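> I have a structure I would like to understand better, so I am pasting it below and will then ask my questions one at a time.
The values are calculated or read from the model by the stated rules, or taken from the named source; none is laboratory data. Since the model is a prediction, treat every value here as computed from it, not as a measurement. As a convention, Cβ positions derive from the backbone with ideal geometry for all residues, glycine included, and neighbour counts pool all protein chains shown. For accessibility, only protein heavy atoms count, side chains too; no ligands or nucleic acids. Shrake-Rupley method; radii C 1.70, N 1.55, O 1.52, S 1.80 Å.
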Amino acid sequence: AGGGRCLWAPFSWLCGQEAVLGPADFRAIMRAFDVVAVPGVPALGFQERNEARRFITAVDVAYEEGVVLLAGLQAHPDALFAGLAETASGRAGVRGGGAQVGDASAAPPVARVLRQGGSSSSSATTFVAGPGDEQVEWSATGRIGASLGEATGVADTAFAHSRTASRLMELAGADYAASLAAERGFRLPSFG
């Protein structure tokens, strides 16, 4: 038996900030290869939420397609998305450091709507009076500069992290790899 079809795809290329791959691309990649190695997978937090979503999708597709996924993780699989989980639960504020808009003991702020987009809308944004003459964008999340959509997306991504961690461990396991190699007719190298 010969070798399987292998791909070396650094995290930055596959899922990084400049990556342009989506679910259909991941499916085509995983169908074309038996083994996919992804070195350089960093711990992922709120600032890397898009990269985290892409990586979760890539792992899900690899799992569905029966691919051996060898991920070079810079954190244990259970801790890979810890930054997202903390942000989603509110322990580490969403963008803007989690500062609350307004003060319950102060007079109600004066609000005005501008016909320009902000972080939570593309057509109109509500601003409230901040300290001094500063206008602060109001957000349904109650956090400066954070949209409700972003907070929901982070929570959804954080929820998927435990499933992804489990799949990463299974996809790189020796038993899984040996079973796949036997099923597809290729030989794995021996490292021990």
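> Only residues that are surrounded by fewer than 17 Cβ atoms within 10 Å (Cβ to Cβ) and either in contact with an Asp or Glu (Cβ under 6 Å, 6 or more places away or on another chain) or under 15 Å from Thr57 (Cβ atoms) (or both): list them for segment 14-26, please.
The answer is Val20, Gly22, Pro23, Ala24, Asp25.
> I would also like to ask the following. What do you reckon, is Ala37 open to solvent by less than 30 Å² (accessible area, probe 1.4 Å), at pLDDT below 95 and part of a helix (DSSP H, G or I)?
Taking the combined requirement at face value, the residue does not satisfy it.
> Limited to segment 43-72, what total is found for residues that are assigned to a loop (DSSP other than H, G, I, E, B) and surrounded by fewer than 17 Cβ atoms within 10 Å (Cβ to Cβ)?
2
> List the pairs whose first member sits in segment 52-72 and is farther than 20 Å from Phe186 by Cβ, whose second member is in a helix (DSSP H, G or I) and open to solvent by 30 Å² or more (accessible area, probe 1.4 Å), and whose Cβ atoms are under 7 Å apart, counting only residues at least 6 apart or on separate chains?
Cβ pairs passing all conditions: Thr57/Pro23; Val59/Arg167; Val61/Pro23; Val61/Arg27.
> Given the conditions (1) in a helix (DSSP H, G or I); (2) modelled with pLDDT under 95, and given that Phe26 satisfies all but one, which numbered condition is not satisfied?
That leaves (2) as the condition not met.
> Here's another thing I want to ask about it. Take Leu7 and decide whether it is part of a loop (DSSP other than H, G, I, E, B) and among the aliphatic types (A, V, I, L, M).
No, not satisfied.
> Filter segment 149-186 for residues that are at pLDDT below 80, open to solvent by 40 Å² or more (accessible area, probe 1.4 Å) and closer than 16 Å to Ala75 by Cβ and give the result.
Within segment 149-186, just Ala172 meets the criteria.
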